[in-house]
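Notes follow once the structure below has been shown.
The values are calculated or read from the model by the stated rules, or taken from the named source; none is laboratory data. Since we're looking at a predicted model, the values are computed, not measured. All Cβ positions, even for glycine, are placed from backbone atoms using ideal geometry, and neighbour counts span all protein chains on display.
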Amino acid sequence: PQQEQDPQIESFDLALTQQACNMLLGHRNFAAFRGAPRGSDDKRRQHTESTLCTISTLHLEKVADAGNSFSCAVVTTATYRITVTGDRFLYKMVRFMAGALVAVGTHKLTLEDIEVALEIGSFNKQFVCAPPHGLTLRNVTYGDEIQFDWV
């Protein structure tokens with residue numbers, strides 16, 4: 001089979017995406033990165049729930065390039081890992097963050113789009129939310145003030 005390069009890989013701007021990662025660090029209003037409510041209880045809670053979260057680390061790293069064989073060609077794809085640490089997360093927040101970072105890296109969103117979204121709580125442009133099948137929860141840490149009585 002013929003070797004082909006995925007055009008998204010060639011145009012993915014890792015340096016620009018790292019800048020977007022830095023913009024998402026700190027104590028911010030992540031309303032723009034929250035998923036839509038599901039049902040009346042979620043809708044009521046969404047109006048009262050705080051959207052302020054603190055992101056302490058946000059890393060994006062290239063893990064590997066891989067060739068995927070199809071009947072007519074071998075397409076080279078790249079795999080990236082996004083690691084996020086924060087004090088709390090909104091519904092679908094990490095998936096929307098990952099989708100926004102990919103959109104920045106492929107020039108579908110700008111750094112200004114991210115900045116405006118953080119300020120006004122919504123995006124003016126559409127982008128794809130990252131699918132759930134790549135999301136892995138690695139660790140949950142509770143402060144000393146939270147004690148569990150295991151029965």
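Val102 meets each of the listed conditions (1) in contact with a helix residue (DSSP H, G or I) (Cβ under 6 Å, 6 or more places away or on another chain); (2) surrounded by 13 or more Cβ atoms within 10 Å (Cβ to Cβ); (3) modelled with pLDDT of 85 or more apart from (1). Residues in the range 109-151 that are of a type in the set (Val, Ile, Thr) and free of Cβ contacts under 8 Å to residues at least 40 places away in the same chain: Thr110, Val116, Val128, Thr136, Val140, Thr141, Ile146, Val151.
Of the helices (runs of 4 or more DSSP H) lying entirely inside the range 1-91, those carrying at least 2 residues that are modelled with pLDDT of 65 or more and among the aliphatic types (A, V, I, L, M) are 14-23. Total residues in the range 111-151 satisfying the condition of being closer than 26 Å to Ala32 by Cβ, part of a loop (DSSP other than H, G, I, E, B) and of a type in the set (D, E, K, R): the figure is 2.
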